[in-house]
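I have placed the structure first, in the form of structure tokens, so that the comments after it can refer back to it.
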Amino acid sequence: MNILVINSGSSSLKFQLIDADTEELIAKGLCERIGIDASQISFTPAGGAKQKKQVPMADHREAIRLMLDVLTNPETGVVKDLSQIGAVGHRIVHGGEKFSGATLITPEVENEIAACSDLAPLHNPANLIGIRACKALMPGVPMVAVFDTAFHQTMPEEAYLYGIPYRYYEQYRIRRYGFHGTSHDYVSKRAAAVLGRPVEELKLIVCHLGNGASVSAVKYGKCVDTSMGLTPLEGLIMGTRSGDVDPAVIEFIAHKEGKSIEEITNMLNKESGVLGLSDGFSSDFRDLEDAWEKEKNPNAARALKAYALRTAKYVGAYAAAMNGVDAVCFTAGVGENSPIMRTMICGDYLGYLGITLDEEANAKRGKDMVISTPESATKVLVIPTNEELAIARQTYALIK
Ligand code: ADP
């Protein structure tokens, strides 16, 4: 059965069509600048060339209609008609405390997703628009919601509560939720397979290092701690997000510069991280690494060093949280592709875990692999994440 996986953002819509039986990608694409000028759709059938065209898209419903048109186009499409799409899996950012797994979308589930919107005001409303547009254009096709927060719902209270008055949790459900859950779940299971051991026997630390970045502690197959919090702002230094800061910084800047809380939160989300630390040089690790290697750029060096230290500190914290660790796994854009960053994190800071990297293996990319030496007491793995495949699997499992 073919499963369409949809990730609907405020002005974009990413999609993949996956054959859930063979787990092969059939096609993928992206609608960009929905509702603004110069909207465009790109579409790549597996093994084929990328097609791109500018088409006005006033809203998500038009974007989804265009997506279905390119998928079913008699000349350049990949399926004959919509009957060849068995189900749709929607990536939903926030499931609050309601959802600890994928769920079939019913009107009640839509209401629950809407109710989580004040926890994810940028994401959940956009996710819902995607669901509703799909339902209108694909009546009768089962839809499944797969939540970014679900995998982290196994965290114990002592990990998810903040050290603030308990009534804030009781009244508003202010707590740590964690994100990238689909990736942490997928990578921890793949890592166990690569190590040839049941995930139920392993203590794993997964470092999802992309533009957004988070670490999680996965003990015996269940998440017991993760670095993102109520929102994706907490934890690691990221591309443009600050990660952990003393909350008093907000008041301090507000007084010094007369800024509003919203302005400062926006700065913490969009102008901080390695972009901010490099004094605006770049949020892209390829630029930073290049500038550091070629010209010893001090702005790039500062950002990369702070990023590596913060990540290593979380690994140390999670080894403590699990009272041990069998393997550290790297995934996502930076985690999969940057031997330099993996060396900075493991080589400079994780020797006490008995970690030694196999430099030759570390220089490779693009596949599941162990990059530590056979003697390394704690193993280090690179596992390319595949959130779309994980969503397709969960969708298929639910509707089968
Ligand atoms: P997201 O899904 O959060 O947007 P990705 O997982 O795609 O992010 O990761 C994007 C990041 O990966 C970018 O900051 C980019 O710099 C980094 N990246 C991609 N390729 C490389 C590479 N070869 N070396 C270093 N960093 C890389």
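The values are calculated or read from the model by the stated rules, or taken from the named source; none is laboratory data. As the structure is a prediction and not an experimental result, all values here were calculated from the model. Every residue, glycine as well, gets a Cβ built from its backbone with ideal geometry; the counts of neighbours run over all protein chains shown.
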Practice problem: Give me the pairs, please: first residue somewhere in the range 201-216 and over 14 Å from residue 342 (Cβ atoms), second residue anywhere and modelled with pLDDT under 95 and more than 8 Å from the ligand (Cβ to nearest atom), beta-carbon distance under 8 Å, and either six or more positions apart or on two chains. | Solution: 212/232; 214/232
Quiz item: Picking from 328, 370, 315, which residue would you name as being over 19 Å from the mean Cα position of the chain (by Cα), away from the ligand (no atom under 12 Å from the Cβ) and either hydrophobic (A, V, I, L, M, F, W, C) or buried (at least 17 other Cβ atoms within 10 Å of the Cβ) (or both)?
Solution: 370
Exercise. Identify, by number, the condition in (1) basic (Lys, Arg); (2) closer than 28 Å to residue 224 by Cβ; (3) more than 12 Å from the ligand (Cβ to nearest atom); (4) free of Cβ contacts under 8 Å to residues at least 60 places away in the same chain that residue 310 doesn't meet.
Key: (4)
Exercise. State yes or no: is residue 178 touching a residue at least 24 places away in the same chain (Cβ under 8 Å), surrounded by fewer than 24 Cβ atoms within 10 Å (Cβ to Cβ) and within 16 Å of the ligand (Cβ to nearest atom)?
Key: no
Quiz item: Under 6 Å by Cβ, and 6 or more places apart or on different chains, what pairs join a residue from the range 19-36 that is within 13 Å of residue 55 (Cβ to Cβ) with one that is in a strand (DSSP E or B) and among the aromatic types (Phe, Trp, Tyr)?
Solution: 29/15; 29/43
Practice problem: Would you check if residue 343 is within 16 Å of the ligand (Cβ to nearest atom), surrounded by fewer than 17 Cβ atoms within 10 Å (Cβ to Cβ) and within 20 Å of residue 204 (Cα to Cα)? | Solution: yes
Exercise. For the range 347-400, name all the residues that are free of Cβ contacts under 8 Å to residues at least 60 places away in the same chain and under 15 Å from residue 190 (Cβ atoms).
Key: 366, 367, 371, 380, 382, 384
Quiz item: Taking the stated definitions as given, is residue 303 of a type in the set (A, V, I, L, M), in contact with a Leu (Cβ under 8 Å, 6 or more places away or on another chain) and at pLDDT 95 or above?
Solution: yes
Quiz item: When you look at residue 136, is it modelled with pLDDT under 95 and touching a His at 6+ places or on another chain (Cβ under 7 Å), yes or no?
Solution: no
Exercise. Enumerate the pairs (first residue in the range 236-248 and outside the structural domain of residue 303 (by TED's automatic domain parsing); second residue anywhere and of a type in the set (Asp, Glu)) with beta-carbon separation below 6 Å, excluding pairs fewer than 6 apart on the same chain, so at least 6 apart or on different chains.
Key: none
Quiz item: Could you count how many residues in the range 127-158 are under 20 Å from the mean Cα position of the chain (by Cα) and more than 15 Å from residue 89 (Cα to Cα)?
Solution: 6
